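Asker: Got a structure here, written out as structure tokens. Questions coming.
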């Protein structure tokens, strides 16, 4: 099965276009206002509407409630293909969101729950522990990801500090369903380095 590639932290149309042209399978839009890579849902939708078919779009939220209780927000979120929940969402919260969009549930690599079966999701993601919910540019111990994979039949997405220099080693060790990168292909927070972006995707496509 070919490795899937998600480019997260998209904030502008130029970066989205560059990622798609380079071969990204999915783009993530961070709707969490405290993030350095925040984009308003209105601006994210404007970008999503310019994308070609077969590119998955992911709405990234943290402990979101109003997004899925307010009717207007729910209609807007239906523009995306998936929701990525990056906070301390409970299984009940995840099921509620799952009524509207398929779910990617993110866990800090060292804080995974004992019972993964309680979560009704399409995939899990492991990321580097951070009070800022990602975007640290730091890797975690990939042995944790190897152990996590043995606990679930769901696809597992590897995130946290990946970049063109280390992604091949990470994939060789973990064999994830997909990889997720943001800061590792940036010129500055919220702005991609298109050369790094292309290098990252080209390396992944060869694995």
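Asker: So what is log10(I(q)/I(0)) for segment 135-186 at q = 0.16, 0.17, 0.23, 0.25 1/Å, when the Debye sum runs over its Cα atoms only?
Answerer: Log10 of I(q)/I(0), two decimals: -0.42, -0.47, -0.83, -0.96.
Asker: Please report the antiparallel percentage of DSSP beta bridges with both residues in segment 4-206, rounded to the nearest 5. It would help to have the intermediate numbers written out before the result.
Answerer: Details: 2 of 31 bridges.
For segment 4-206, the DSSP antiparallel bridge percentage is about 5.
Asker: Just to verify a number: FRET efficiency for residue 152 and residue 195, C-beta to C-beta distance, R0 = 45 Å, to 0.05?
Answerer: Numbers: r = 36 Å, r/R0 = 0.79.
Efficiency at R0 = 45 Å is approximately 0.80.
Asker: Return the FRET efficiency for the residue pair residue 168, residue 81: r is the Cβ-Cβ distance, R0 is 22 Å, and the value is rounded to the nearest 0.05.
Answerer: On the way: r = 27 Å, r/R0 = 1.24.
Calculated transfer efficiency: 0.20.
Asker: Here's another thing I want to ask about it. If all Cα-Cα distances of segment 4-206 are sorted into 10 Å bins from 0 onward, what percent lands in each bin, rounded to whole numbers?
Answerer: 9, 39, 39, 13, 0
Asker: Note down the relative contact order for segment 4-206 as a percent, whole number, built from C-alpha pairs under 8 angstrom at least six residues apart.
Answerer: Numbers: 384 pairs, mean separation 40.6, N = 203.
Relative contact order here is 20 percent.
Asker: Take every Cα pair under 8 Å in segment 14-109 that's 6+ residues apart, average their separations, divide by the length, and report that relative contact order as a whole percent.
Answerer: Working: 127 pairs, mean separation 22.1, N = 96.
Relative contact order of segment 14-109: 23 percent.
Asker: Moving on. Extension gain residue 73-residue 130, at 0.36 nm per residue separation less the Cα-Cα distance, in nm?
Answerer: Values: separation 57, 0.36 × 57 = 20.52 nm, distance 2.72 nm.
Stretched fully, the residue 73-residue 130 segment lengthens by 17.8 nm.
Asker: While we're on this one: In a Gaussian network model over the chain where Cα atoms closer than 10 Å are linked, find which of 27, 162, 116 has the largest mean-square fluctuation.
Answerer: Greatest mean-square fluctuation among the candidates belongs to 116.
Asker: Between residue 99 and residue 144, what is the spin-label point distance in nm, taking each point 7 Å from the Cα along the Cα→C-beta axis?
Answerer: The two pseudo-label positions are separated by 3.3 nm.
Asker: Could you check which residue among 45, 30, 103 shows the biggest mean-square fluctuation in a GNM of the chain with a 10 Å Cα cutoff?
Answerer: For the chain, modelled as a Gaussian network with Cα springs under 10 Å, the answer is 45.
Asker: Still on this model: Compute the distance from the alpha-carbon center of segment 93-123 to that of segment 161-194, in whole Å.
Answerer: Centre-to-centre distance over Cα atoms comes out at 22 Å.
Rule-based calculations on the coordinates, nothing more; no lab input. What you see is a predicted model; the values in this text were computed from it and never measured. Glycine gets a Cβ as well: all are built from the backbone with ideal geometry, and neighbour counts include every protein chain shown.
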